[in-house]
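Working notes, structure below.
Please treat every number below as a calculation from the coordinates, not as lab data. Here the structure is a predicted model, which is why all the values come from computation and not from measurement. We place every Cβ from the backbone using ideal geometry, glycine too, and count neighbours over all the protein chains shown.
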Amino acid sequence: MNKLKDMVYIESGPFIMGSNESPNEQPCHTVELVAFYIDRYPITNRAYRRFIEDGGYHTPGYWSAAGWNFIQKRSLQFPLYWLDDNWNADDQPVTGVSWWEASAYAKYLDKELPTEAQWEKSARGTDGRRYPWGSDEPTVQHALYAIDCDPTELHRRSALVYAFPLGATPKGGMDFAGNVGEWCQDNASSNYIWDLTCLDPRYWTEEIDDHILRGGSGLHNEDYLRCSSRDYYPPTLRDNIVGFRCVINEK
């Protein structure tokens, strides 16, 4: 299997991380990252099915101790929305996955979840884009989101991961805004004051603490579609606002 298929190469070098639009996005600062590859699309149900069929939920080597304990106590065999026709089409993003399920899938492929900085650089680029596609304000042609956090459909569903070509990054990264949010490695932090080196940063406290989610979702409004916008949830969350994509760090 070609692990780099459908991945986007992000060159090494600096980018501007954060913004002055929210206290938790401050300070705006220059961060230096080594090169890496990131999935062009969020992980789909089609891709995640291979993990299930290959025994992913029965192989402790893919899981941290806390993650294995989490799925064993609940007898989990697949994501929460796996049998729901609003969410389980092959090319919809897999959702209803805890942070531990996302991490286990990444390990299964010998990949990782992106750090928060890697995710933001992939979405924002080095030109400081406000949104993954540029500076144009979001429309329903750019992403799946909810104006005023009020979805138009009571029985909502996710979009196919390639449904919004106008929302692509200049490098061809898709679905970085809306649809489902994406788990990052980092634990939640109230700002970036902790980042003293600005070199490949990752904020880590405890695995069981809240983790960063990026990109908004179909239940979030347009403000969450900004490349610098941040959210966080406990690693136990298995909701239809969460998904993920993976990275490979260049050696």
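Could you check the spin-label model distance between Leu76 and Gln26? Points 7 Å from the Cα along Cα→Cβ, value in nm.
Taking the simple label geometry, Leu76 and Gln26 are separated by 3.6 nm.
Can you list the HN-Hα couplings for the range 212-226, worked out from phi with the Karplus curve (6.51, -1.76, 1.60; θ = phi - 60°), rounded to whole Hz and with x for Gly and Pro?
Those phi angles translate into 5, 10, 10, x, x, 6, x, 9, 9, 8, 5, 4, 6, 7, 4 Hz.
Find the all-direction average of the projected area of the Cα convex hull for the range 172-251, expressing the result in square nanometres with one decimal place.
Average of the hull's projected areas for the range 172-251 equals 6.4 nm².
Relative contact order (percent) for the chain, with alpha-carbon contacts under 8 angstrom and 6 or more residues of separation?
28 percent
Using helices alone, I'd like the mean residue ellipticity at 222 nm for the chain: each DSSP H run of four-plus residues gives -39500 (n - 2.57), total over residue count, nearest 500.
-4500 deg cm²/dmol
For the chain, I need the span (max minus min coordinate) of the C-alpha atoms along each principal axis, in Å, sorted largest to smallest.
Result, largest extent first: 44, 41, 34 Å.
Count the DSSP beta bridges whose two residues both fall in the range 159-251, then state the antiparallel fraction as a percent rounded to the nearest 5.
Expressed as a percentage, antiparallel bridges in the range 159-251 total about 75.
By average Cβ neighbour count within 10 Å, what is the ranking of 16-23, 171-178 from highest down?
171-178, 16-23
Quick check on packing: order 50-57, 122-129, 181-188, 218-225 by the mean number of other C-beta atoms within 10 Å, highest mean leading.
Sorting 50-57, 122-129, 181-188, 218-225 by mean packing, highest first, produces 181-188, 218-225, 122-129, 50-57.
Need one number: nm distance between label points at Asn221 and Arg46, each 7 Å from Cα along Cα→Cβ, rounded to one decimal.
The answer from the label model is 3.6 nm.
Beyond 13 Å, how much of the Cα-Cα pair distribution for the range 91-145 remains, as a whole percent?
Everything past 13 Å amounts to 72 percent.
Just the number: Rg to Rh for the range 1-83, Cα atoms, Kirkwood Rh, two decimals.
Taking Rg over the Kirkwood Rh, I get 1.11.
Rounded to the nearest 0.05, what FRET efficiency do Lys5 and Arg202 give with R0 = 25 Å and r taken as the Cβ-Cβ distance? Could you check?
Step by step, r from the Cβ atoms, then E = 0.45.
Which ³J(HN,Hα) values in Hz, rounded to whole numbers, follow from the phi angles of the range 42-56 under the Karplus curve 6.51 cos²θ - 1.76 cosθ + 1.60, where θ = phi - 60° and Gly and Pro get x?
x, 4, 8, 4, 4, 5, 5, 4, 4, 4, 5, 5, 8, x, x
What relative contact order, as a whole-number percentage, does the range 53-145 give when Cα pairs under 8 Å and 6 or more residues apart are counted?
Rounded, it is 21 percent for the range 53-145.
Using only alpha carbons, build the gyration tensor for the range 137-207 and give me the equivalent ellipsoid semi-axes, biggest first, whole Å.
Ellipsoid half-lengths, sorted descending, are 30, 17, 12 Å.
Could you work out how far the C-alpha centroid of the range 1-63 sits from that of the range 73-109, in angstrom?
So the separation of the two Cα centres works out to 16 Å.
P(r) for the range 57-176: what percent of alpha-carbon pairs falls in each 5 Å bin, starting at zero?
The calculated distribution, bin by bin, is 2, 10, 15, 16, 19, 17, 12, 7, 2, 0.
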